[in-house]
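One structure is given here, and the rest of the page talks about it.
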Amino acid sequence: METFFRKAGEECELAPVTIALLVIGGGVALLFVILLVLRRRRDTDGELSLVRQPLLRKERPQGRYYGIPCDAEPVYAGWAWVSLASKNRTIGNAAKGQIITNFKNTVHGFKKFHGRAFDDPYVQGEKPKLPYSLHKLASGNTGIKVRYLDEDKVFTIEQVTAMLLTKLKETSESALKKPVVDCVISVLATAFDPYLGGRNFDEALVDNFCEEFKARYKLNVRENPRAILRLSQECEKLKKLMSANCSDLPINIECFMNDIDVTGKMNRVQFEELCAPFLMRVEAPLKAVMEQSKLSRDEIYAVEVVGGATRIPSIKERISKFFGKDVSTTLNADEAVARGCALQCAIMSPAFKVREFSITDVVPFPITLRWKSPTEDGVGECEVYSKNHAAPFSKVITFHKKEPFDLEAFYSLPQELPYPDIRIGRFSVQNVVPQPDGESSKVKVKVRVNVHGIFSVSSASLIEKQKGEGEDVQMDMEPTVQNEGRPEDQVRDRRSEKIHLNFTFVKFVFQPLHTILRFQSDKEAKQDPAAGGSKPKVKVKSTDLPILANIIRQLDRGVLNDFVEYESQMIVQDKLEKERNDAKNAVEEYVYDLRDKLCGIYEKYTTEEDSNRLTMMLEDTENWLYEEGEDQDKQVYVDKLEDLKVSGLALIVLFPIYTQDERYQHLNTEEMSNVEKCVNESMGWMNSKMNAQSQLTIAQDPVVKVADIISKIQVCVIRGYDSTI
């Protein structure tokens, strides 16, 4: 994305770009194909030159910060893992490392369950493949059952996703040294196969070796979740190796099941035969993206492929054959999505100045409104957003009603939707009353797809005509479909003929819907049947109407607040557990550090008695850490560390003197002995005073005052000891 094309000798200029996205993905790995369509600009000799330049330039530090830095975590593939335990949660690669030891409580691959009911056939098909348990919520949605804080807990998919986003937010803030208040999340693009991805190829290998091990070793691998997970990890490695090698490659797993070692082998040809049904599905999204973008293959300048599944040579070959050109893999497969999000973050953030891009989001699936209508069918319908309609975008629809009415929103084409439930929600427009003369009132309803791609009925108003004098508002036939999108969309609309959607009701005659919906152009709408006559002038009163929204599978505000509060509690618990572990680790580190020094730099300067005493103390502390002290409160570890430091303080203080630091080379052996004696006396005095002070309350006078400490130091100086002690 940092490559810009320019003509030799001219200023760097970004050619007009059309970006179409293809996604093939259904789980762990996604295949993204980014099609960059560029207007070719050639030099006088016909050669195309290019130059790499930074895409972003920091302009000013203030403003809001978005997104996640690409270098936040060394391994990106492990981010979407959450592991829950008896005291805390681990997220990311740390959680991925617990998949074998804590598989029942380590959640991954949960994003595909968003918005799906528990009884969804896809959920039921995935359920046997998961090491953790799915649970049916009271709402009918899918939940995840785990053991957390020694209790059985059921989390919604939204809660688990929030755990992941919270971790990413913390990582971003730590790297940016700035608060993160918003983020950009990538979603499915123009054309995609939601049930095809790298995981399908992994599962094909797993199924193959399950059958092979059953025949050769009499092992039923499917009955052992831990064995399945280990086999899955090895098959993923084997798949990557086969992308670079054509020869037979081995798979070896020690102590796989029942202390039996298993082996197998596979080559690329066998793998492609095994995965032939999946490879055949690659071309369908390619055709779809070309049809929807209305581009020819000759207009495609370059094809960039990223994602785990693109490592498979047969997929590269199929894509290359379809477009008639070699595919490029210059983007980092693990960073590509994050980089795209980072670009969008930079565009949205006032803290960065970005080269100007024209980015138009679209509505991926057509949306239709339905309502009760006095027609033969009894219902009226209108497709308010067609497929790939620009977004964000608002439209105003005018109804003529005498009473409150409901609007049902749903996706128009169930066969294209990756979910079985086409419903979006029901919106009840309330407080609608007839006009004073008994006629139907004009009700204007605004529908909107916002910048997040969420559809809603945002407002409704009752238009009431009132006769009167003074400043009147002319009541023309107002277009009921209005563009309230971005400025570039408005310019485009001004250049083309506007289409007005009017609902015309004929009294006493119920006609079919297609005769009720009458389309007029601007020119026709402006023509007045009473040509030459004066237009009647009336006052207009607009009254906002309340709307009761019932969104399918949307969280209630109360439930959402409860989730936010519980997430805050889990964050606090994680923080406390981290502090406890840090305190415990500090004790362990001090034990190992002091033990190494007793056998190293301190050895010459420690008596055998002191060395044995300290060694025994360190050994006892180490045993305590793995036995009684395995699970103690933070303060216990803090106190234990203080005791250890006090015991080793004499060595730490005297070591610079013993080692004949340049500052102490003037001291002879007798003077060094006196220093050691003074140190021991001073430490005895300090410990006795500290013990006495600990017996007093904060309201009592202290045992030692500043003057006493100064006096003690002066005594040491007078006796000829170094005051730095």
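Quick one: which residues, 5 or more positions from I99 or on another chain, have an amide H under 5 Å from its amide H? H modelled 1.01 Å from N in the peptide plane, none for Pro or chain starts.
none
With the contact rule set at Cα under 8 Å and sequence spacing of 6 or more, what percent relative contact order holds for the range 197-280? Can you show the working numbers first?
Values: 81 pairs, mean separation 23.0, N = 84.
So the answer I get is 27 percent.
For H108, H452, which order do you get if you count the other beta carbons within 10 Å of each Cβ and list the fewest first?
Fewest to most other Cβ atoms nearby, the residues stand as H452, H108.
Expressed as a whole number of Å, what is the distance separating the alpha-carbon centroids of the range 78-99 and the range 129-193?
12
Could you give me the ³J(HN,Hα) list for the range 671-684, computed from phi with Karplus coefficients 6.51, -1.76, 1.60 and θ = phi - 60°, whole Hz, x at Gly and Pro?
Using θ = phi - 60°, the values come out as 5, 5, 5, 5, 4, 4, 5, 5, 4, 4, 5, 5, 5, x Hz.
Return the long-range amide H neighbours of V303 (sequence gap of 5 or more, or a different chain), with a cut-off of under 5 Å between placed amide H atoms.
Those qualifying (amide H under 5 Å, at least 5 residues apart or on another chain) are S328.
Relative contact order of the range 74-177: what whole-number percent is it, with Cα pairs under 8 angstrom and at least 6 residues apart? List each step's numbers first, then the result.
On the way: 150 pairs, mean separation 26.5, N = 104.
Contact order relative to length: 26 percent.
Applying the Karplus parametrisation 6.51 cos²θ - 1.76 cosθ + 1.60 with θ = phi - 60° to the phi angles of the range 593-609, what ³J(HN,Hα) value in whole Hz is obtained for each residue in order, glycine and proline being reported as x?
Each residue of the range 593-609 in turn: 5, 5, 5, 5, 6, 5, 8, x, 5, 8, 4, 6, 10, 10, 5, 4, 5 Hz.
Based on alpha-carbon atoms only, what is the radius of gyration of the range 186-305 relative to the globular estimate 2.2 N^0.38 Å?
Values: Rg = 18.3 Å, N = 120, 2.2 N^0.38 = 13.6 Å.
Output field value: 1.35.
Tell me, what does the Kirkwood hydrodynamic radius of the range 74-177 come to in angstroms if you use every pair of distinct C-alpha atoms? Before the final figure, lay out each step's value.
Values: mean 1/r = 0.0704 Å⁻¹.
After inverting the mean inverse Cα-Cα distance, the result is 14.2 Å.
Sequence-distant or interchain residues sharing an amide H contact under 5 Å with W81, placed H: which?
HN-HN under 5 Å from W81: G92.
Every read-out reported here was derived from the displayed coordinates using simple, explicitly stated rules and does not represent laboratory data. All figures in this text were calculated on a predicted structure; none of them were measured in a lab. Glycine gets a Cβ as well: all are built from the backbone with ideal geometry, and neighbour counts include every protein chain shown.
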